[in-house]
Amino acid sequence: MTLLNHSLLLLFLSITLLLTYEYDNCTQRLSRASEGFVKEEDFEDIRGYHASLTDLVEHVCSLMSRHVAAGYVSSFLIVCLCLYSIINDEKSTANIGVAAVSFYISALNLVAITYTGVRLHKAAHQPQNILLDMSGKYLPDRVIRLVTLFANKLSQRQIGISALGLMTITKDTILRIIGTLLTYVFIVIQFKPDSTVGIQHHGNTTTA
């Protein structure tokens, strides 16, 4: 990726962390409101604020979706290539060092995007647990309808960082990445070619 893409991606991650912080504040407000007498005006204000944050997240992600996808795919491919180089290159210490540095940078970029995405997704859906607890309390009918509407919207939407609309980064993404990398490493080790030095030495001994 170019320096511009890295800069835009860094700005996007910073904005995402700020939105995550606002989602946490929204959850805290909802938690405090659920502890006492729930007023319809307060709950409607919290619900509207959460909806505004969600619209902002979707707008920002739509603008940065291509950069997120490019950063994710390029970092993942570089990590795979570096692992292949480290596993198969037994002679050149310099090549292994370069591959290790590239692996560290790309893995760090991959971890940053994944962690930020998981954190945002968790913060955006965190009010759902509070809403489920509130649905079991004695509340006015109007508030119960608002709680039900809020909970249904959270359960039906995937709020978070999206890569070209193909996936939303969640906790499951971490398991997929780890599983894919482990499978790749096992395949590379399994199909690792034998050392040609040993074959040549065996051939020279036979000739002699």
* Taking the stated definitions as given, is residue 108 at pLDDT 80 or above and within 21 Å of residue 160 (Cβ to Cβ)? -> yes
* **Options 57, 68, 98; residue that is free of Cβ contacts under 8 Å to residues at least 24 places away in the same chain, at negative phi and not aromatic (Phe, Trp, Tyr)** => 98
* Starting from segment 152-181, keep only residues that are of a type in the set (A, V, I, L, M, F, W, C), then list their pairs with residues that are open to solvent by 90 Å² or more (accessible area, probe 1.4 Å) and at pLDDT below 85 whose Cβ atoms are within a distance under 8 Å, requiring at least 6 positions of separation or different chains. => 164/66
* Asked: Which one is modelled with the lowest pLDDT, of the residues in segment 2-47 that are open to solvent by less than 30 Å² (accessible area, probe 1.4 Å), among the aromatic types (Phe, Trp, Tyr) and under 26 Å from the mean Cα position of the chain (by Cα)?
  -> 12
* To do: Go through 121, 67, 59, 50 for me and flag whichever is under 15 Å from the mean Cα position of the chain (by Cα) and either within 19 Å of residue 170 (Cβ to Cβ) or at pLDDT 85 or above (or both).
  => 121
* To do: Working only within segment 53-84, note down all residues that are within 18 Å of residue 183 (Cβ to Cβ), open to solvent by 30 Å² or more (accessible area, probe 1.4 Å) and in contact with a Ser or Thr (Cβ under 9 Å, 6 or more places away or on another chain).
  => 76, 77, 78, 81
* To do: Would you be able to say whether some residue in segment 127-147 is within 30 Å of residue 63 (Cα to Cα), open to solvent by less than 30 Å² (accessible area, probe 1.4 Å) and either at pLDDT below 85 or touching a Ser or Thr at 6+ places or on another chain (Cβ under 9 Å) (or both)?
  => yes
* Residue within segment 21-29 that is farther than 24 Å from residue 162 by Cβ and either free of Cβ contacts under 8 Å to residues at least 40 places away in the same chain or not in a helix (DSSP H, G or I) (or both) present -> yes
* To do: Output the residue which, of all residues in segment 144-192 that are of a type in the set (D, E, K, R) and not in a loop (DSSP other than H, G, I, E, B), is farthest from residue 71 (Cα to Cα).
  => 145
* Structure fact -> Within segment 148-173, residues among the β-branched types (Val, Ile, Thr) and either within 18 Å of residue 44 (Cα to Cα) or open to solvent by 70 Å² or more (accessible area, probe 1.4 Å) (or both) come out as 148
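The values are calculated or read from the model by the stated rules, or taken from the named source; none is laboratory data. The structure presented is a predicted model; accordingly, all values stated were derived computationally and were not measured. Glycine also receives a Cβ, built like all others from the backbone with ideal geometry; neighbour counts cover every protein chain displayed. Each accessible area value is taken on the protein alone, full model and side chains, heavy atoms only, with ligands, DNA and RNA left out. Shrake-Rupley method; radii C 1.70, N 1.55, O 1.52, S 1.80 Å.
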